[in-house]
Amino acid sequence: MQDIPFCSLIVFFFLIGASLVSPLYDGPLYDSTAYAECKEKPEEPLYGGGLFNTRRGVEGTIDSSISNVANNSYVPSLVLYNLTQGTIYSFSAWVRVKGSSSAMVRTTLETEKETHDCIGTVSAKHECWSFLKGGFVLNWSSNLSMIFFQNADGKDINIDVASPSLQPFTKQQWRINQQYKINTQRKRAVTIHVSDSNGRRFQGASICIEQISKDFPFGSAIAKTILGNLPYQNWFVKRFNAAVFENELKWYATEPDEGKVNYTISDQMLQFVRTNNIIARGHNIFWENPKYTPPWVLNLTGTKLQSAVNSRIHSLMSQYKDEFIHWDVSNEMLHFNFYEERLGPDATLHFFETAHESDPLATLFMNDFNVVETCSDVKSTVDAYISRVRELQRNGIFMDGIGLEGHFTIPNPPLIRAILDKLATLGLPIWLTEVDISKTLDRDAQANYLEEVLREGFSHPSVNGIMLWTAFHPNGCYQMCLTDNNFKNLPAGDVVDKLVEEWQISRVEGVTDVHGSYSFYGFLGEYRISVKYGNKTTKSTFSLSRGDETRHFTITI
């Protein structure tokens, strides 16, 4: 995404305040509407259909839906003309299937030069309409393109499509919509009043405000390489207020041999976290992938396996009760089912129940990959994730966190946002838990794509935290490093520093007006304030939590 001068955006939002309804911006407002429920009738198209309501022949217009016949099934498709390189296209439609009770429907985009094998999916049914939301960005402009709706498993099926919508955004429009969400969801208006003990206000009082902590958790994985490594520790603490242990809490790390439990390393890492007032996620209690299950566990079945998993939960949770804000209970359960195969379909339910009993205040998460990274993975589509959450909820499971790993190669911003919109319908906190960019790309590309992903996450109101998967290793990080071995920033580290600086109020100075007041917009968090009037100085603190109303704070001098 192109680099838009931040100062220009600041001026823009200063002028328009909290509203985008202004002659200074006449572009489209992003519509975050999404539906996870199947409906008897389709809703009206978003944006009034967008380009679908534009007459044919104008740039970026489309034909109405047509159907191709393939293997005796009708394959709905949409013909598009004159789409432009770099434009961000938000796409949505309502879908219903015939001849089957349900099917995973995938939309594919084909142009003269490229194919996007998935720009959105939906789990569609035959008796009602389901909402598909996604999008795409073209690498080359296209005179003629087509969007196809097909059964994801390749089987023949008839598909109905209604209320399609295609809304274009320029990169600048997309960024302005992001910044609007940040200003309204991550910040709050504050008015400071300065007065004496009798309530008399002082004009001309000098005010200095500094943010001392941030509400939004932004952090990274750490590894045992941080222990005793003061340069690494200083680099980390300067930037992050949250952490997750890369491997050190996993079962194979804490109990490599049956009965020989050792928390020495994880205890030392937790001490670093505590000392620096950093919050930490617990990752993970179980990992469904047999490849990362302790070898001795692979040989267990029946009651012996059940006893081992019970012991694992009680040991880990008693060791770290109240220490971790989250627990990834059964990692990557959409892709793997080792424990369900051995212990039965209720194994995961038992994990969540026992974990909640052991640490009632920790938020329990599902955590999986390829949910926001792509929609090509049929095991982890947004509807597959929603379905699994509802299954747990129907069984009375206390499960209240959506973990999205975020291991990207080339991110698709409108698809990321669409998936977050749909997951938000669950009303649960969403975290990006393991964000990185593939090492198959060069470092500059990693940095550019990392910024795209972080801006998408931070600007979405339902995302409650972001964790990078960038634990330092001198021989190379998992996919992406932020620094070299001397803790000098690599391009991705520069992006992190830029956004850390952008997403906080380092220092605000001003003087009170004729009403003895001074106002500003601050990011949510804790603040230190110093007020000087004449020869008197008063210091205090205040906090900003999410709210629509201006926060008023009076300081007496």
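Quick notes on this one:
- Cα centroid separation, region 75-90 to region 530-557 (Å): 51
- Of the GluC sites (Glu not before Pro) found in region 83-126, those in coil by DSSP whose Cβ has at most 16 other Cβ atoms within 10 Å are Glu112, Glu114.
- Accessible surface calculations at 1.4 Å, restricted to protein heavy atoms, place the chain at 43 Å² per residue.
- The chain, helix-only ellipticity at 222 nm - DSSP H runs n ≥ 4, -39,500 (n - 2.57), divided by all residues, nearest 500: -7500 deg cm²/dmol
- Label-to-label distance, nm, for residues given as Asn262 and Glu509 (7 Å Cα→Cβ offset): 5.5
- Of interest is the spacing of the C-alpha centroids, which for region 182-248 and region 426-463 amounts to 21 Å.
- The chain: antiparallel DSSP beta bridges as a percent of all, rounded to 5: 65
- Region 283-316 and region 98-165: distance between their alpha carbon centers, rounded to Å: 40
- Amide H contacts under 5 Å for Ala471, placed H, 5+ residues apart: Ala221, Tyr478
- Relative contact order of the chain, defined on C-alpha pairs under 8 angstrom at six or more residues apart (%): 18
- Across region 98-114, coupling constants 3J(HN,Hα) worked out from phi with the 6.51/-1.76/1.60 Karplus curve, θ = phi - 60°, read 10, x, 7, 5, 6, 6, 8, 9, 10, 9, 10, 10, 10, 10, 5, 10, 8 Hz, and Gly and Pro carry x.
- Those lysines that a straight Cα-Cα span of less than 29 Å connects to Lys113, excepting residues fewer than 8 apart in one chain: Lys133, Lys155, Lys171, Lys379, Lys439
- All-pairs alpha carbon distance profile, region 103-142, 10 Å steps from 0, percent: 28, 44, 22, 7
- Of the GluC sites (Glu not before Pro) found in region 451-557, those in coil by DSSP whose Cβ has at most 16 other Cβ atoms within 10 Å are Glu549.
- Electrostatic bookkeeping for Leu132 treats Lys and Arg as +1 and Asp and Glu as -1; over the other residues with beta carbon under 13 Å from its beta carbon, the sum is +2.
- Region 298-341, Rg to Rh (Cα coordinates; Rh as Kirkwood inverse mean 1/r): 1.02
- Calculated log₁₀ intensity ratio I(q)/I(0) where the Debye formula runs over C-alpha points of the chain, q = 0.07, 0.10 Å⁻¹: -0.47, -0.93
- Atom-type composition of the exposed protein surface of the chain places 47 percent of the accessible area on carbon and sulfur (1.4 angstrom probe).
- Of the trypsin sites (Lys or Arg not before Pro) found in region 266-353, those that fall in a DSSP loop while having at most 14 other beta-carbon atoms within 10 Å are Lys321.
- Additional length obtainable on full extension of the chain from Asn234 to Glu501, 0.36 nm per residue less Cα span: 94.4 nm
- Coupling constants for region 508-517 follow from the phi torsions by the Karplus curve (6.51 cos²θ - 1.76 cosθ + 1.60, θ = phi - 60°), and in residue order they are 10, 10, x, 10, 6, 8, 4, 9, x, 10 Hz; glycine and proline get x.
- Leu46 sits among other residues whose Cβ lies under 11 Å from its own Cβ, and their net charge, with Lys and Arg +1 and Asp and Glu -1, is -3.
- Simple spin-label estimate for Arg546 and Cys128 in nanometres, 7 Å along Cα-Cβ: 2.7
- Counted by Cβ distance under 10 Å from Ile222, the other residues give a net charge of -1, where Lys and Arg count +1 and Asp and Glu count -1.
The values are calculated or read from the model by the stated rules, or taken from the named source; none is laboratory data. Being a predicted model, the structure only gives us computed values, none of them experimental. For neighbour counting, all protein chains shown are included, and Cβ atoms are generated from backbone atoms with ideal geometry for every residue, glycine included. For accessibility, only protein heavy atoms count, side chains too; no ligands or nucleic acids. Shrake-Rupley method; radii C 1.70, N 1.55, O 1.52, S 1.80 Å.
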